[in-house]
Amino acid sequence: DQQVKQNSPSLSVQEGRISILNCDYTNSMFDYFLWYKKYPAEGPTFLISISSIKDKNEDGRFTVFLNKSAKHLSLHIVPSQPGDSAVYFCASRRGGQNFVFGPGTRLSVLP
Amino acid sequence: DAGVIQSPRHEVTEMGQEVTLRCKPISGHNSLFWYRQTMMRGLELLIYFNNNVPIDDSGMPEDRFSAKMPNASFSTLKIQPSEPRDSAVYFCASTTDRSSHEQYFGPGTRLTVT
């Protein structure tokens, strides 16, 4: 049973528009959340994080929103650029435990 | 820093053969992780080392899989005997401490077992 779910395997967005990637988790004890980005033939790289004491964290064009009651987080990219085309992984953990990763969502930003 | 180094980048082998994947973590990092990526299950944690000691191997699929970390700068993941369902991309990642939220991933080894 997957504890971290990314129900959209893929997403296509026009350049300049907003990309919204979604992630749901089942464990209410999770208290730290991450997004990683992965380009083909490369390993994932850290993008942005959020602690459960916050509901929003922003870094440039990237904003992560956390809705604890719904056990849902989302990554917003505004404006989307072709270089943002990649696979995005959501990851969550409880306390000092290891992170649990979702299956990923492939984002394609069309010029 | 060269980052996390993995070898080989690609491995094609026949069912039943032994496969050894290698990883060199970033110097100074004392936590090392092996992950497997598949289309169906995404990124799965196989095993976690801290200070060269295996701490959590609950993700290792079965006895055919084994991992070692003989020193702070080298780790191996071995599959013996390999099976077609082991085909996946295997990533090694390191970080300064498990409590750190940022892991640094290597480029991965794409394993194909025919």
One residue from A:SER92, A:SER51 being under 20 Å from A:LYS5 (Cα atoms), small (Gly, Ala, Ser) and without any contact (Cβ under 8 Å) to a residue 24 or more places away in the chain: A:SER51
Return only the number of the condition from (1) part of a strand (DSSP E or B); (2) free of Cβ contacts under 8 Å to residues at least 40 places away in the same chain that B:ARG110 does not satisfy. (2)
Considering every residue within segment A:15-38, establish whether at least one is within 14 Å of chain B (Cβ to nearest Cβ) and exposed (fewer than 13 other Cβ atoms within 10 Å of the Cβ). no
Tally of residues being of a type outside the set (S, T, N, Q) and either modelled with pLDDT under 95 or in a loop (DSSP other than H, G, I, E, B) (or both) across segment A:48-90: 10
Of a type outside the set (Phe, Trp, Tyr), surrounded by fewer than 16 Cβ atoms within 10 Å (Cβ to Cβ) and closer than 30 Å to A:ILE50 by Cβ: is that true of B:ARG41 in this structure? yes
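Restricting the search to segment A:1-43, which residues are in a loop (DSSP other than H, G, I, E, B) and under 21 Å from A:ARG94 (Cα atoms)? I'd like the intermediate steps shown before the answer.
Here is the first cut: in segment A:1-43, the ones in a loop (DSSP other than H, G, I, E, B) are A:1-3, A:6-9, A:15-18, A:26-31, A:39-43.
Matches in segment A:1-43: A:ASP1, A:GLN2, A:GLN3, A:GLN6, A:THR26, A:ASN27, A:SER28, A:MET29, A:PHE30, A:ASP31.
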Among strands (runs of 3 or more DSSP E) entirely inside segment B:1-104, those with 3 or more residues being over 17 Å from A:THR45 (Cβ atoms), more than 13 Å from chain A (Cβ to nearest Cβ) and at pLDDT 95 or above are B:10-13, B:19-24, B:65-71, B:74-79
Looking only at residues that are crowded, with 21+ Cβ neighbours inside 10 Å and touching an Asp or Glu at 6+ places or on another chain (Cβ under 7 Å) in segment B:96-112, which one is farthest from B:ALA2 (Cα to Cα)? B:LEU111
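For the structure I just gave you, tell me whether A:PHE99 is on the phi < 0 side of the Ramachandran plot, in contact with a strand residue (DSSP E or B) (Cβ under 7 Å, 6 or more places away or on another chain), hydrophobic (A, V, I, L, M, F, W, C) and buried (at least 21 other Cβ atoms within 10 Å of the Cβ).
yes
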Considering only residues that are among the charged types (D, E, K, R) and over 10 Å from the mean Cα position of the chain (by Cα), look in segment A:37-55 and name the one that is farthest from B:ILE26 (Cα to Cα). A:ASP55
Report, by residue number, each residue of segment A:102-111 that is outside any loop (DSSP other than H, G, I, E, B) and over 10 Å from the mean Cα position of the chain (by Cα). A:ARG106, A:LEU107, A:SER108, A:VAL109, A:LEU110
Is it the case, given these coordinates, that A:SER51 is surrounded by fewer than 15 Cβ atoms within 10 Å (Cβ to Cβ), at the interface with another protein chain (Cβ under 10 Å from one of its Cβ atoms) and over 28 Å from B:ALA2 (Cα atoms)? yes
Considering only segment A:56-89, how many residues are loosely packed, with under 13 Cβ neighbours inside 10 Å and over 14 Å from the mean Cα position of the chain (by Cα)? 5
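The values are calculated or read from the model by the stated rules, or taken from the named source; none is laboratory data. Everything numeric here is computed off the predicted structure, so don't read it as measured data. For neighbour counting, all protein chains shown are included, and Cβ atoms are generated from backbone atoms with ideal geometry for every residue, glycine included.
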